[in-house]
1. Taking region 62-85 as the search range and keeping residues that are of a type in the set (A, V, I, L, M) and within 28 Å of Gln36 (Cβ to Cβ), which one is surrounded by the fewest Cβ atoms within 10 Å (Cβ to Cβ)?
2. Which one of Cys93, Cys111 is at pLDDT 95 or above and more than 20 Å from the chain's Cα centre (by Cα)?
3. Within region 52-90, how many residues are closer than 13 Å to Ile109 by Cα, of a type in the set (Val, Ile, Thr) and more than 11 Å from the chain's Cα centre (by Cα)?
4. Considering (1) within 11 Å of Leu72 (Cα to Cα); (2) at pLDDT 95 or above, say which one Glu25 fails and leave the rest.
5. Please verify whether region 86-101 includes one or more residues that are touching a Pro at 6+ places or on another chain (Cβ under 8 Å) and either crowded, with 16+ Cβ neighbours inside 10 Å or among the small types (Gly, Ala, Ser) (or both).
6. Is it the case, given these coordinates, that Arg86 is at pLDDT 85 or above, closer than 18 Å to Leu3 by Cβ and out of contact with any Asp or Glu (no Cβ under 9 Å at 6 or more places or on another chain)?
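The values are calculated or read from the model by the stated rules, or taken from the named source; none is laboratory data. Small disclaimer: the values here were computed from a predicted structure and weren't measured. Counting neighbours? That spans all protein chains shown, and the Cβs are built from the backbone with ideal geometry, glycine included.
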Amino acid sequence: MNLTAADRLALAHRLDVMRRQVLDEILETGQQALAQSSLNASQEVHTRADQADAEMEDDIRLAGIEVDRHRLQDIEQARQRLADGRYGVCATCGDDIPRERLLAQPTAIRCAACQASFESRAR
């Protein structure tokens, strides 16, 4: 493996920081949704357009929460791989993921070549 003990420690810290940021974003979005829901409940809907706007805002918030949930899941899985000693091994080819890629994208599960291939097949 091409990661030093210092690299692993730095990556673990970075994953912890990323986790805290995502949790904060989820909490903030949830608080905004509750505040908006309370505001909407206290106001009368005047037109269908008003209702459509409120529903669209709710959909956008929910989509944001879903993106954050996936990010949190990726972070948790990376933390688990780090704890298990499986961190930095490509899930597709089994080769080491280059240190530079992991430093740039700590949640990476594939080397760049395998990730590019995966993304091209997903299209």
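1. That would be Ala63.
2. Only one candidate qualifies: Cys93.
3. Residues that pass the stated criteria total 1.
4. That leaves (2) as the condition not met.
5. no
6. yes
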